[in-house]
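In what follows, a structure is listed as structure tokens, so that the remarks can point back to it.
The values are calculated or read from the model by the stated rules, or taken from the named source; none is laboratory data. This one's a predicted model, so the numbers in the text were calculated from it and none came from an experiment. Neighbour counts run over all protein chains shown; Cβ positions are idealised from the backbone, glycine included.
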Amino acid sequence: MFKEIAAFISRRRKLTIVLFALAWANILAFMTSASGGAVDFLLLYLVPVFLGAWFVSRNGGVLAALWSALAWFTAHAIPIGFPELAWSDWWNLLMRAGLLVACAVVVDQLRMRLDDLDRLAARDLLTGLPNGQAFYELAAGEIHKAFGAQPMTLATIDVAGLQTINYRFGYPAGDRLLNAVAQTIKRNVPRPDLVGRMGGTTFSIFFPDTASEPANAILQRLHDALDQERRNFSHPVTFFLSAVASAKPPKTVAELLYQADAQLDHMRGTKTDTIKIAALEDLPALN
């Protein structure tokens, strides 16, 4: 439930969130004033501070904090009358403003740390590419945006022979090659953000709004670039490029991934580089 609420708020414009936070503080101030200052809503003033700091920015949180402190002060001052305020009332305003601003800063720092953790959790540490789960989510987002009207292609690339390199030259050499392959793929595709490392020696590329023929041309150029990279390293590895094209977006990314992987399994029996692209409509459906 909390995730749904957070997602709903995140989809709103930042200005809308700020205005809602300020309105919340005003409502609390009105309720405080209506009670003659007998009822304190200190904890509820944290809500606009949280909304501003978490969903907008640190500045948004600080603005909500200062506004909330001022609203609280005004609500308490109205029953007394501003001329009758003592120095302690002004001191309390300063303390409350400082407390709420500190809360805004803490919430902003927490959000930044969690965002950093989310980014790390979604990345492959060796290549910096999205990992399998993150790639799946990115591709699913592209399918959702297509509204069932655009062709798309998913390609899976496997680097065979890496185990031999690890044994002969050490794992650092294998890691350097994998990283070079990852960067080469990113440089030679239209959308570098839709390249992921699925694990081990396997990479995947998603081509939104790309039919079979354009995708095949891209994969041919990519293979040439990978071949040049292989020559630079002088390592005996083999590249298998398996792609599945669909005239319209499939129901799930899993359908494309499964078919591309199944095709890749048959390609691994050869000892030379292979590029194969198939139409999803011509392949057996998933059970």
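Applying the criterion of being modelled with pLDDT of 80 or more and in contact with a Ser or Thr (Cβ under 7 Å, 6 or more places away or on another chain) to the residues of the stretch 1-40, the residue that is surrounded by the fewest Cβ atoms within 10 Å (Cβ to Cβ) is A29.
Could you list, in sequence order, all residues of the stretch 122-134 that are among the aliphatic types (A, V, I, L, M) and in contact (Cβ under 8 Å) with a residue 12 or more places away in the chain?
Step one: of the stretch 122-134, the residues among the aliphatic types (A, V, I, L, M) are 122, 125-126, 129, 134.
Matches in the stretch 122-134: A122, L126, L129, A134.
Of the residues V39, V47, the single one that is under 29 Å from the mean Cα position of the chain (by Cα) and over 14 Å from D108 (Cβ atoms) is V47.
In this entry, P208 passes the filter for residues that are in the same structural domain as M267 (by TED's automatic domain parsing) and touching a residue at least 24 places away in the same chain (Cβ under 8 Å).
Exactly one residue out of V159, V181, V189 is assigned by TED's automatic domain parsing to the domain that holds T270 and in contact (Cβ under 8 Å) with a residue 60 or more places away in the chain, and it is V159.
Can you spot a residue in the stretch 192-209 that is modelled with pLDDT of 90 or more, hydrophobic (A, V, I, L, M, F, W, C), more than 16 Å from L126 (Cα to Cα) and in contact with a Pro (Cβ under 9 Å, 6 or more places away or on another chain)? The answer is yes; a qualifying residue exists. The residue list E213, E142, E137 contains one member that is within 23 Å of A247 (Cβ to Cβ), out of contact with any Cys (no Cβ under 8 Å at 6 or more places or on another chain) and without any contact (Cβ under 8 Å) to a residue 24 or more places away in the chain, which is E213. Just one of the listed residues (S204, S234) is under 22 Å from T270 (Cβ atoms) and within 21 Å of the chain's Cα centre (by Cα), and it is S204.
Of the conditions (1) in contact with a Pro (Cβ under 7 Å, 6 or more places away or on another chain); (2) part of a helix (DSSP H, G or I), C103 satisfies every one except a single condition; which number is it? Checking C103 against (1) in contact with a Pro (Cβ under 7 Å, 6 or more places away or on another chain); (2) part of a helix (DSSP H, G or I), the one that fails is (1).
From D89, D115, D108, which residue is under 20 Å from D193 (Cβ atoms) and not in a loop (DSSP other than H, G, I, E, B)?
Values: D89 fails: under 20 Å from D193 (Cβ atoms); D108 fails: under 20 Å from D193 (Cβ atoms).
Testing whether each residue is under 20 Å from D193 (Cβ atoms) and not in a loop (DSSP other than H, G, I, E, B) leaves just D115.
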